[in-house]
1. From the list Ala140, Ala194, Ala162, Ala199, exactly one residue is over 17 Å from Ile110 (Cβ atoms), in contact with a Pro (Cβ under 7 Å, 6 or more places away or on another chain) and assigned to a helix (DSSP H, G or I). Which is it?
2. Any chance segment 286-306 includes a residue that's outside any helix (DSSP H, G or I) and over 21 Å from Ala81 (Cβ atoms)?
3. I'm trying to understand the selection: among the residues of segment 169-188, which are closer than 28 Å to Leu85 by Cα and hydrophobic (A, V, I, L, M, F, W, C)?
4. Tell me whether segment 304-324 contains one or more residues that are among the basic types (Lys, Arg) and out of contact with any Gly (no Cβ under 7 Å at 6 or more places or on another chain).
5. Considering each residue of segment 205-226, count those that are free of Cβ contacts under 8 Å to residues at least 12 places away in the same chain and assigned to a helix (DSSP H, G or I), and give that number.
6. Tell me yes or no: at least one residue of segment 60-83 is farther than 28 Å from Ser181 by Cβ, open to solvent by 10 Å² or more (accessible area, probe 1.4 Å), of a type in the set (A, V, I, L, M, F, W, C) and in contact with a helix residue (DSSP H, G or I) (Cβ under 7 Å, 6 or more places away or on another chain).
7. Of all residues in segment 27-56, which are more than 20 Å from Leu307 (Cα to Cα) and either under 28 Å from the mean Cα position of the chain (by Cα) or surrounded by 16 or more Cβ atoms within 10 Å (Cβ to Cβ) (or both)?
8. Look at Leu325 and say whether it is in a helix (DSSP H, G or I), surrounded by 16 or more Cβ atoms within 10 Å (Cβ to Cβ), touching a residue at least 24 places away in the same chain (Cβ under 8 Å) and not hydroxyl-bearing (Ser, Thr, Tyr).
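The values are calculated or read from the model by the stated rules, or taken from the named source; none is laboratory data. Bear in mind that the values here come from a model prediction, so they are computed numbers and not experimental data. So basically every Cβ, Gly included, is an ideal-geometry build from the backbone, and we count neighbours across all protein chains shown. These accessible areas exclude ligands, DNA and RNA; they are computed on the full protein's heavy atoms, side chains included. Shrake-Rupley method; radii C 1.70, N 1.55, O 1.52, S 1.80 Å.
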Amino acid sequence: MSDSLTLARLARVLAGLALLLFFALALGVAVGPSGLALGEVLAALRGGADDVARDIVVRVRLPRVLLAAGVGASLATAGAAFQALLRNPLADPFILGVSGGAALGSIVVISLGAALGVAASAAPVAAFAGAVATVLSLLATAGPRGRLDPTRLLLIGVVFNALASAAIVFLASIAGLAEGSKIFLYLIGNLSDARPALAGWIAAFLALGLAGALPFARALNALALGDDTAALLGFEPARVKLALLLTTSLLVGAAVAVAGLVGFVGLIVPHALRLLFGADHRLLLPASALGGAAFLVACDALARTALGGPELPVGAITALVGGPLFLVLLRKRAGLSS
């Protein structure tokens, strides 16, 4: 476990990432398909400008960048914790099936809501319920006496994801054309439904998730050395894993509930930051939150402006950017270890 992390280094790295996030947020508010000039954007933020410009900036762009920041921070924080819990730097927040359960809950409402008398606006709530149900099922089948073996968790996650995928394909095949289009966008991941209430909702869950994960940062450092070593250092591996599994799964469930399956954020952001700043989770967890927020806000700005009018799903951008970037990081990691 590294003890080389100083308060000055922690503050320096987090301040740099916070500055990066600030620029990403400013970019996200400044650009968009409506073509508002920078002066109009600044005037709207100060309460001036005409009604149309003010509505675009304050009621459309601002909630959207805040929602993107919350989703990105949640996924990247969860990714950093999952990679430590599973002792696998290639793990991501979707690996345990929680995202599949959340997606299934939402898609049940999208495809069958009209027949069941459930409004489409209930989809985020259904997604969150699906995530919670998956976590409870995962814990019930994780092993005797609640022991959370990483390999066993991975295998159960693969099964849960396969079951959720099969159910989603079935629902998509019986859905109508309009519902099928919504399901398609949800599976790719998009932020078009950026209401202020959802931005506040994801911010609240992010705050709870960070409050639940940060106190276990030292324990995650110890778990990287093995359960026995962690126990010798005074930590309770089973208790730490259970607490972090619940915390990070709720973060993933909340993110998927409002944005669908946005891939690669929880995989490449903590992976890149670990290569840059080391594996001390006292730094890596908050750094991942800031880096993930900046990354997704920037990707969403690109998704809204790349075609000059029609909007791309943000999940397509994260995949196009994240896939090649991950291969570069993987190659760099292989070079460091050789």
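1. Details: Ala140 fails: in contact with a Pro (Cβ under 7 Å, 6 or more places away or on another chain); Ala194 fails: assigned to a helix (DSSP H, G or I); Ala162 fails: in contact with a Pro (Cβ under 7 Å, 6 or more places away or on another chain).
Result of the check over Ala140, Ala194, Ala162, Ala199: Ala199.
2. Taking segment 286-306 first, the residues outside any helix (DSSP H, G or I) are 306.
Now restrict to residues that are over 21 Å from Ala81 (Cβ atoms): 306.
Yes.
3. Of the residues in segment 169-188, the ones closer than 28 Å to Leu85 by Cα are 186-188.
Once the filter is applied, which keeps residues that are closer than 28 Å to Leu85 by Cα and hydrophobic (A, V, I, L, M, F, W, C), segment 169-188 yields Leu187, Ile188.
4. Let us first name the residues in segment 304-324 that are among the basic types (Lys, Arg), namely 304.
Keeping just the survivors that are out of contact with any Gly (no Cβ under 7 Å at 6 or more places or on another chain) gives none.
No, that holds for no residue.
5. Adding up the residues that qualify gives 3.
6. No, segment 60-83 contains no residue that is farther than 28 Å from Ser181 by Cβ, open to solvent by 10 Å² or more (accessible area, probe 1.4 Å), of a type in the set (A, V, I, L, M, F, W, C) and in contact with a helix residue (DSSP H, G or I) (Cβ under 7 Å, 6 or more places away or on another chain).
7. Glu40, Val41, Ala43, Ala44, Leu45, Ala49, Ala53, Arg54, Asp55
8. Working: in a helix (DSSP H, G or I): yes; surrounded by 16 or more Cβ atoms within 10 Å (Cβ to Cβ): yes; touching a residue at least 24 places away in the same chain (Cβ under 8 Å): yes; not hydroxyl-bearing (Ser, Thr, Tyr): yes.
Yes, satisfied.
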